[in-house]
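Everything below concerns the one structure shown next.
The values are calculated or read from the model by the stated rules, or taken from the named source; none is laboratory data. As the structure is a prediction and not an experimental result, all values here were calculated from the model. Quick reminder, even Gly has a Cβ in these numbers, built from the backbone with ideal geometry, and neighbours come from all protein chains shown.
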Amino acid sequence: MTEQRNSRIALLAVVMLLSGAFLGLVVSNDASAAKYNINSIVKDADGTGISGVSVTILDRDSGYTKSTTTLNDGFYAFTNVNDGDYDIRYSKIGYLSIRDNLTISSSGSIESVNMDAAPSGDISISGNVTGDGFGVSGATVTLFSTDVFEDSWWGYADIGYSWSVTTNETGYYSFSEMPGVTFDARVDSDDHYTKNWENVDFTLDTELQVSNVTDANNQNINVKDNLGNIISDAKVFMYEASTSTWTEATKFGGATYILSPNTGSTVYVYAYHEDHKPVVTKLSDIGDTNSFEMILGENNLGDDDIIYIPGLPTHGSQTDLPELYDRTVKLNMGPTAKISSNNDDYVVTDGGAINFSASGSFSVVGITSYDWGNDNTDVTYNSTFTGNPNVVSLTVTDNFGDTDTVTVNVTADADNPVASFSAIVKTGVNDNGTAVNSTNVFEDAPYTVVFNASESSDVTSSVVSYSWDFGDENTDTGKVVSHVFTDPGIFNAVLTVTDAAGNTDTESLSITVHDITNPNVFFNFSYVDSEGIYRENAAMEGVPIAFNAGLTTDNSGGDLTYEWDFSDSTIANGKEVTHTFDNVTAEGYEVTLVVTDEAGNTAQMMMPIYPSEMSRPDLFISKVIFSNENPLEDSSVDITAVLKLQKMNVSDDIEVAFYLNNMDNQIGALSVDGSSLSKEVGSEYNATISWKAIAGTHTIFAVVDPNDMINEGNSEAALKNNEFAKDIVVTEKEESNDTSIILLVLVVVISIGAVGYIYKDSLFGK
């Protein structure tokens, strides 16, 4: 019993796990982009974790960078990283930097790395750091080996090993057990400008001189939002290109941030806040104190979280970036210059003008200038062009000083194109066609005329459009087109060609189209009865019948001839004729109309005409039909009275009424369109109503024209045929067994529940 219970529990667990996995799959598929978490450990040669190692990943496709620092045990982690191929770099003073490739496609640990400590030797290096003749205490002196290079990092040459010490209170520094290599050096001090030296030939007591930070170059910055409000808790940093260093601004008076670049430096000043979009300003050739504002925009998501940098430091740790809240750091890829115009083909008539715009140019850090040449520096540029060649050049410069140039060639076309085409007529796909002449083009398929304008040309630019007017109110475009003339006549086909400059030329060809289409014949007939009533599509013996072929059509539009044959040895000509049939026959009369157009094409229409006798109709009910001969009580029964016509002059609407058991109990009535009955002698019409069956045996009476609207005479036969009676038996409904069925179902359910309760322990365990 326990094993069974455990098996059931295990099965339940498997089902839950599979359900959770499926749910996770669905959720993951709903995600807009894959995000992963990775982690690893950085170790020394002994396998001990190294703390304080700067770890940076870079997506080479997007420029996306992200950095972190190892913990005391050498552990580091990145969260919410997009999938892709990355470079990863490890750097720390006193160790050889490492760069490797990394593909991120899932969460989890990646392979750990070992960093080699900087090599030692028997060389001692010492000296003093001075500023304005005085020793600088607390300065950081960093040496970089130039003899050992690793692979390039983002296109920059990286320094291999590095060593760092701090000056004492007199400015003295000392390195011991250094290898015999060539070094670069850098000195960082809070009160002095950072300075770099390349390939320093160190001897004992080598002096490294730095300049004191003065207020001569102070940059005083007020940070505001887009409404003009002071932001007092913004972050303001400066990146100085010459020293490859980041410096945080000093805050003064709660509203002013102060930076002090080196004289002659080019710097990038960044201002940002967690609630606002960052902004950057480039300052070149620093030489004096300056005051300015930096306006932070609204943080509207998207790229607002990105801070663009002009380049990564080329000395020391390449990840020495300031804390940027959680913003993404990307390299500035430079601007993209784009020229758009009202004429993207850049072809104009001689002396024509083009309006150019640089508004489509783009830079993630903003474009500061547009240069079209000839002192044209606006976003838009308008010019006219005469003669060739003509080159328009646009150079854009972004806020970092990076540029991009694009050029377009403008053609001034003073020459009109030459329109020329050929035309052949084809009668099928495999027909090579023959040149169009005055006798070989006919209306309608398969006579297709193919027009070819390949012979058209232009001297200076090119033909860009071909417009056709076939002279029959139809047009087309294209170098090669086909057309079927649907009507006969003489048509002037015109080709208009347009070159890239808008110059035009035309060529035409007269095409004679011959008629091969038969007329479309149609006629109707009518007469006026003795009471002066107009009877359309009806005929009466001994009465003039008007025949009219006015609805006959022909695509030629020319004169038509009409010939009538009434099959009673009588012939007539004309569009409208009158004829009297003297007799009434069972076969009727077959009237034939032959129509001929001017091209000799003919067509005919034949119609049987059955003139009616000059008497009233014999209209009666031939039978009554029930949709169900033995219906149940309350069911719906369709009752159909079949009306039959003996003679053809019924035109008025006829009423049909239905009665139950006697003529005083009407159960339904409907009106029948008389024209529906007057098709031919012996025609029938079904008149149907629906009746809700009543239990018992009943007689159904159907009566046509109960109100005697049609005078058929007073004979007994005529009156008798106007009505029809038929019996029907309706069965009474039986009692329902629904209650017994419900009781049976309840008994079964209660029985199953009782069995389940008795064996609950066996099924589910305790």
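Worth a mention:
- Only a single item in (1) within 36 Å of the chain's Cα centre (by Cα); (2) buried (at least 17 other Cβ atoms within 10 Å of the Cβ) is not met by ALA423, and it is number (1).
- Figure legend. Inter-residue proximity from segment 477-490: first residues aliphatic (A, V, I, L, M), second residues surrounded by fewer than 13 Cβ atoms within 10 Å (Cβ to Cβ), beta-carbon distance below 8 Å, spacing 6+ or different chains. Indicated pairs: VAL480/SER454; VAL484/ALA445; ILE490/SER510.
- Close pairs (7 angstrom Cβ cut-off, 6 or more residues apart or separate chains): under 17 Å from PRO310 (Cβ atoms) in segment 255-280, among the hydroxyl-bearing types (Ser, Thr, Tyr) and at pLDDT 85 or above anywhere: THR266/SER284; VAL267/TYR239; TYR268/TYR239; VAL269/THR281; PRO278/TYR270; VAL280/TYR268; VAL280/TYR270
- Condition met for PHE362 (crowded, with 19+ Cβ neighbours inside 10 Å and of a type in the set (Phe, Trp, Tyr)): no
- Residue in segment 480-500 that is of a type in the set (Gly, Ala, Ser) and either in a loop (DSSP other than H, G, I, E, B) or not assigned by TED's automatic domain parsing to the domain that holds VAL449 (or both) present: yes
- Residues of segment 40-59 satisfying the condition of being surrounded by fewer than 21 Cβ atoms within 10 Å (Cβ to Cβ) and either assigned to a loop (DSSP other than H, G, I, E, B) or not assigned by TED's automatic domain parsing to the domain that holds ASN101 (or both): ASP44, ALA45, ASP46, GLY47, THR48, SER51, GLY52
- Hits in segment 308-351 (condition: outside any loop (DSSP other than H, G, I, E, B) and either at pLDDT below 70 or polar (S, T, N, Q) (or both)): LEU324, ASP326, THR328, THR336, SER340, SER341, THR349
- Of all the residues in segment 376-394, those that are touching a residue at least 24 places away in the same chain (Cβ under 8 Å), surrounded by fewer than 18 Cβ atoms within 10 Å (Cβ to Cβ) and outside any loop (DSSP other than H, G, I, E, B) number 4.
- Among the residues of segment 246-264, just one is assigned to a strand (DSSP E or B), touching an Asp or Glu at 6+ places or on another chain (Cβ under 8 Å) and surrounded by fewer than 20 Cβ atoms within 10 Å (Cβ to Cβ), namely TRP246.
Per-residue answers, yes or no, for (1) crowded, with 18+ Cβ neighbours inside 10 Å; (2) outside the structural domain of ASP188 (by TED's automatic domain parsing); (3) closer than 30 Å to SER211 by Cα:
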residue: ILE88; (1), (2), (3): yes, yes, no
residue: SER91; (1), (2), (3): yes, yes, yes
residue: GLY94; (1), (2), (3): no, yes, yes
residue: ASP100; (1), (2), (3): no, yes, no
residue: ILE104; (1), (2), (3): yes, yes, no
residue: SER109; (1), (2), (3): no, yes, no
residue: ASP132; (1), (2), (3): no, no, yes
residue: GLY135; (1), (2), (3): no, no, yes
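- Inside segment 358-375, residues that are closer than 16 Å to SER340 by Cα and either β-branched (Val, Ile, Thr) or without any contact (Cβ under 8 Å) to a residue 24 or more places away in the chain (or both) make up a count of 3.
- Filtering segment 411-425 to residues that are in a strand (DSSP E or B) and modelled with pLDDT of 95 or more leaves VAL418, SER422, ALA423, ILE424, VAL425.
- Selected residue (only one of LEU593, LEU509, LEU560 is among the hydrophobic types (A, V, I, L, M, F, W, C), touching a strand residue (DSSP E or B) at 6+ places or on another chain (Cβ under 7 Å) and either in the same structural domain as PHE491 (by TED's automatic domain parsing) or free of Cβ contacts under 8 Å to residues at least 24 places away in the same chain (or both)): LEU509
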